[in-house]
Amino acid sequence: MAVEAESHLKENPFRLAQAQLRKVADTIGLDDDIVAVLGECKKAVEVAIPTTMDDGSVNVFTGWRVTHNVARGPSKGGIRYHPAATLDEVKALAMWMTWKCALMNLPFGGAKGAVVCDPRELSLGELERMTRRFTSEIVNEIGPEKDIPAPDVGTTPAVMAWIFDTFSMNQGHSVLSVVTGKPLAVGGSLGREEATGRGVLFCLQEALGRQGAALEGKRIAVQGFGNVGGAFAELASGLGATIVAISDVSGGIYDASGVDIAAARAHGRAGGTLVDFGGERITNEELLALDCDVLAPCALEQVLTRENADRVRAKLVVEGANGPTTPEADEILQGNGVLVLPDVLANAGGVVVSYFEWVQGLQELFWKEEEVNRRLKEIVSGAFAETWARHEHDGMPLRLAAYGLAVERVAEASLIRGLYP
Ligand code: GLU
């Protein structure tokens, strides 16, 4: 059954990602042949996922697993459940995973997957059957030394547990490192759940530190109150920032004296959306244009566009989401003196701790939470310092600096390995 959903994508995301690569390549003087290789995805698998629904009918979902590049190691990236997912969106997200892993210096390439569905409209049983069938359809694509999925928009640790179990049942033994973001009871890592939000926080602290400013007292608006935005808001408010607004698909709420983040998260965990949380209501569009110090888009791609970028009043944008700013919006923000902490840097905390989970699973040796968080900070802050140094030295925006570093690393690995045959 085809699912028709209103799309968040105003432009083709893969074309944007390719144009972004071209711009980076021109800046760093990359050979055309290597740009041609890096501009395409190595492999894209489309599957039909017949699923028995609770009423006995069969619904055939569409799913993809896309590998962009494996020059630096097995491919890594999440699986998204979203009604408006498209193949070109998954390709763009896979490419960004390659850059993100390279910028963090992880021994991974990039991948992404998606199933076109609205997980909120599926029962737990339907979600499990669909996930298990999807895993079966891509069972030859994934594996600890090959391609390792993880959570993304619309997927949870429970979904990762079904992927782990289905793959393991097919192998005849538990394969812990086939997927990350698992629940703790089945080989998950301490600190993984809030790792992306924690990485966003570290980047913001690093940037504020470079400006001689502190997090305390900063007024932050957070668009998207899921795993990333929720954890980030909670951590930041715990350190004295004021979260003046949050939003989800149902809209947003505003409180100049600070939204009660712990209460809002508890409300979300109990299944509520912000529409029935209370407080002064605002739209997602209004949130983006709020008078605040920091804007954190933590939901989907293409929320900051040429239509609204001029209205952003925050002086710092930290991209908890992948691809929230279109290239045109990027230029407008830059022209207005807004500092943008790019996605591949700002939201890399998740995949960094996924890497730790993969390592722990392979070694069957698990770390303390302090060790996870300490190593996370080391990697994210190290990547921030490298990116900042290039930004200052070459006078280029942070996005170009971050993507430049990443693309150079992937290009170097590709050139050293050479083309087969
Ligand atoms: N989906 C997350 C991202 O976009 C995490 C990927 C992972 O942990 O592999 O970075």
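Please treat every number below as a calculation from the coordinates, not as lab data. Bear in mind the structure is a predicted one, so any value in this text is a computation, not a measurement. Here the Cβ is made from the backbone with ideal geometry for all residues, glycine too, and neighbour counts use every protein chain on show.
The rows are residues; the columns are (1) part of a loop (DSSP other than H, G, I, E, B); (2) touching a residue at least 40 places away in the same chain (Cβ under 8 Å); (3) over 23 Å from the mean Cα position of the chain (by Cα).
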{"site": "20", "(1), (2), (3)": "no, yes, no"}
{"site": "27", "(1), (2), (3)": "no, yes, yes"}
{"site": "40", "(1), (2), (3)": "yes, no, no"}
{"site": "49", "(1), (2), (3)": "no, yes, yes"}
{"site": "56", "(1), (2), (3)": "yes, no, yes"}
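Selection over the stretch 139-187 of residues that are part of a loop (DSSP other than H, G, I, E, B) and not small (Gly, Ala, Ser) gives a count of 18.
For the stretch 348-372, the candidate set comprises residues that are touching a Lys or Arg at 6+ places or on another chain (Cβ under 7 Å) and over 19 Å from residue 319 (Cβ atoms); within that set, the residue that is farthest from the ligand (Cβ to nearest atom) is 356.
Test of understanding: among 175, 115, 186, 179, which residue is surrounded by fewer than 21 Cβ atoms within 10 Å (Cβ to Cβ), out of contact with any Leu (no Cβ under 9 Å at 6 or more places or on another chain) and of a type in the set (A, V, I, L, M)? Give the derivation first.
Numbers: 115 fails: surrounded by fewer than 21 Cβ atoms within 10 Å (Cβ to Cβ); 186 fails: out of contact with any Leu (no Cβ under 9 Å at 6 or more places or on another chain); 179 fails: surrounded by fewer than 21 Cβ atoms within 10 Å (Cβ to Cβ).
Selected residue: 175, the only one of 175, 115, 186, 179 that is surrounded by fewer than 21 Cβ atoms within 10 Å (Cβ to Cβ), out of contact with any Leu (no Cβ under 9 Å at 6 or more places or on another chain) and of a type in the set (A, V, I, L, M).
Yes or no, residue by residue, for (1) buried (at least 19 other Cβ atoms within 10 Å of the Cβ); (2) over 17 Å from residue 298 (Cβ atoms); (3) aromatic (Phe, Trp, Tyr):
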site: 142; (1), (2), (3): yes, yes, no
site: 153; (1), (2), (3): yes, no, no
site: 195; (1), (2), (3): yes, no, no
site: 217; (1), (2), (3): no, yes, no
site: 230; (1), (2), (3): yes, no, no
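Of the residues screened, residue 212 is not one that is within 13 Å of the ligand (Cβ to nearest atom) and either among the aromatic types (Phe, Trp, Tyr) or within 30 Å of residue 314 (Cβ to Cβ) (or both). When residues in the stretch 101-152 are screened for being over 19 Å from residue 183 (Cβ atoms), within 16 Å of the ligand (Cβ to nearest atom) and β-branched (Val, Ile, Thr), 2 of them pass.
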